[in-house]
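The values are calculated or read from the model by the stated rules, or taken from the named source; none is laboratory data. No experiment lies behind these values; they were computed from the predicted model shown. Here the Cβ positions follow ideal geometry from the backbone for every residue, glycine too, while neighbour counts run over all protein chains shown.
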Amino acid sequence: MFGLLKKKFSQLVENISKKTKETEVKEEPKKEIIEQPEEIIETVPEKVEEVKIEEKIPEIIEKKMEEVEKEAVKEEIIEEIKEEKIELPEEKEIEKVVEEVVEVEKIVEPPKEVIEEIKLPEIVKEEPKKEKKSWITKIKEKIVKTVAEKKLTEDDLNPILMNLSEDLIEADVSYEVAEKIKSDLKNSLVEKEIRRGKEKEVVFEALRKSLLDILTVPKLDIEEVIKKSKSENRPAVILFFGMNGVGKSLNISKLAKLLKDKGHKPILAAGDTYRAAGDVQLEMYAEKIDIPVIKHQRGADSCAVIFDARKAAEARGHNVVLGDTSGRMHTKKDLMDELVKIVRVNKPDLKILVLDSLSGSDVVQQFKFFDEIIKVDAVIFSKVDVNEKGGNILSICHSFKRPILFLGTGQDFDNIIEYSPESFLNTLLS
């Protein structure tokens, strides 16, 4: 289910995470000033010939480094960092930083006895002394900077997001939704500090937040609708609309069984009198789930069938009428006029549009078409179990913000699940 969309989102997270790991903060090399003890400077004879300190320092430093107990220093550093509750990087990163700071520290502060052996050049002006930092402080600051200061720029993200629209449109996501996801990712990731090792987690969370915002639609409880109509001493009337072949009859039967299992008494109205054997199909389903159905002869007035079903429900003590209607295209003006009449005469409590999730991006136009005629209250998506893309569900949620009631997940009458933004999102990102 939704294999293509899962693949696209997974690739997106991996690509941005990889780019984040490659992004490093480039530091300008620091120039250290060698500071000489004041008492030595005072003893320097006037007009001493110039001596290059650099010629002797490498030999001295090499000898001195052999005496440094690096392991002891490293342990002390780690303890200090842990006390500050700073996240430690990998072992090799600590080793690298220790080496760098040890080298700088030794060059900056040569041993006193070494300095005494070196003839210094004439000092014209003494530079002001700088405050020195301990090894641990320097290493800790460098590690924190290395770990924490990793930021993605817009230039980093643009190559990755450049083809995102094409990838999402391939998965039936509308252009507007694709652009929103791209914009959300930029706002969440550009110039934000991302800790080393947390790249994938941060990108994943940014994507999750964007998708959840898209998938979150108003909730609608059918049982509350039925309860309200009961308080008015009448059955609830729920009508189903949709194009030919979207699965209206099957999904009506699924919902009828679900309500029956919850203790309600539904009755069906075979209002699809236009399609050959349309009423017969619903009657067969009704027989299997043991729920009564009201029907007329083929070609009868669909509005009259639903009206009679409502009257039968009142007489027999049924508390909800589920009415089917004929599938239709916008080019069939007589069928369009019939929809208006059905709604006006039967005054339904809910008008549910059934959309085939395999119809691709065309579901957006289908929704607009029916919404202009009957004002859609809620949606059921059919055939979700065999949908490898799933992007059109994102498009409907984002474009219209109407309740998504159920998802049809198979041919059995129990293959229907209540829509949940969180559950749907977990399926997409699993």
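Would you point out which residue out of Val280, Val320, Val293 is of a type in the set (A, V, I, L, M, F, W, C), under 41 Å from the mean Cα position of the chain (by Cα) and assigned by TED's automatic domain parsing to the domain that holds Leu239?
Values: Val280 fails: under 41 Å from the mean Cα position of the chain (by Cα); Val293 fails: under 41 Å from the mean Cα position of the chain (by Cα).
The match here is Val320.
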Item to complete: For segment 257-267, state whether one or more residues are among the acidic types (Asp, Glu) and touching a residue at least 12 places away in the same chain (Cβ under 8 Å).
Response: no
Discussion item. Could you check segment 271-303 and list, in sequence order, the residues that are in a loop (DSSP other than H, G, I, E, B) and at pLDDT 95 or above?
Written reply: Asp290, Ile291, Pro292
Fill in: Checklist (1) at pLDDT 95 or above; (2) under 21 Å from Ser210 (Cβ atoms); (3) out of contact with any strand residue (DSSP E or B) (no Cβ under 9 Å at 6 or more places or on another chain) applied to Cys397, failing item
(3)
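Let's see how each residue does on (1) of a type in the set (A, V, I, L, M); (2) part of a helix (DSSP H, G or I); (3) in contact (Cβ under 8 Å) with a residue 24 or more places away in the chain:
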position	(1), (2), (3)
Glu223	no, yes, yes
Lys228	no, yes, yes
Asn244	no, no, yes
Ile252	yes, yes, yes
Leu255	yes, yes, yes
Practice prompt. List every residue pair whose Cβ atoms lie under 6 Å apart, where the two residues are 6 or more positions apart in sequence or sit on different chains, the first residue falls within segment 188-214 and is assigned by TED's automatic domain parsing to the domain that holds Ser420, and the second residue, located anywhere, is assigned to a helix (DSSP H, G or I) and at pLDDT below 85.
Written response: none
Worksheet item: Across segment 359-389, which residue is farthest from Ser165 (Cα to Cα) among those that are surrounded by fewer than 23 Cβ atoms within 10 Å (Cβ to Cβ) and of a type in the set (Gly, Ala, Ser)?
Response: Ala378
Discussion item. Against the conditions (1) modelled with pLDDT under 95; (2) over 29 Å from Val364 (Cα atoms), where does Lys260 fall short? Just the number, please.
Written reply: (1)
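Please indicate, with yes or no, whether at least one residue in segment 304-318 is on the phi < 0 side of the Ramachandran plot, of a type in the set (A, V, I, L, M, F, W, C) and not in a helix (DSSP H, G or I).
Initially, segment 304-318 is screened for residues on the phi < 0 side of the Ramachandran plot, giving 304-316, 318.
Restricting the remaining residues to those that are of a type in the set (A, V, I, L, M, F, W, C) gives 304-307, 309, 312-313, 315.
Of the ones still in play, those that are also not in a helix (DSSP H, G or I) are none.
No, segment 304-318 has no match at all.
Among the residues of segment 336-361, how many are β-branched (Val, Ile, Thr) and either closer than 21 Å to Ala313 by Cβ or out of contact with any helix residue (DSSP H, G or I) (no Cβ under 8 Å at 6 or more places or on another chain) (or both)?
Residues flagged as β-branched (Val, Ile, Thr) and either closer than 21 Å to Ala313 by Cβ or out of contact with any helix residue (DSSP H, G or I) (no Cβ under 8 Å at 6 or more places or on another chain) (or both) within segment 336-361 amount to 4.
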Fill in: So Ile222, is it surrounded by 13 or more Cβ atoms within 10 Å (Cβ to Cβ), in contact with a helix residue (DSSP H, G or I) (Cβ under 7 Å, 6 or more places away or on another chain) and either farther than 20 Å from Asp362 by Cα or not assigned by TED's automatic domain parsing to the domain that holds Ile352 (or both)
no
Discussion item. Exactly one condition in (1) surrounded by 12 or more Cβ atoms within 10 Å (Cβ to Cβ); (2) at pLDDT below 85; (3) of a type outside the set (Phe, Trp, Tyr) is false for Glu127; which is it?
Written reply: (1)
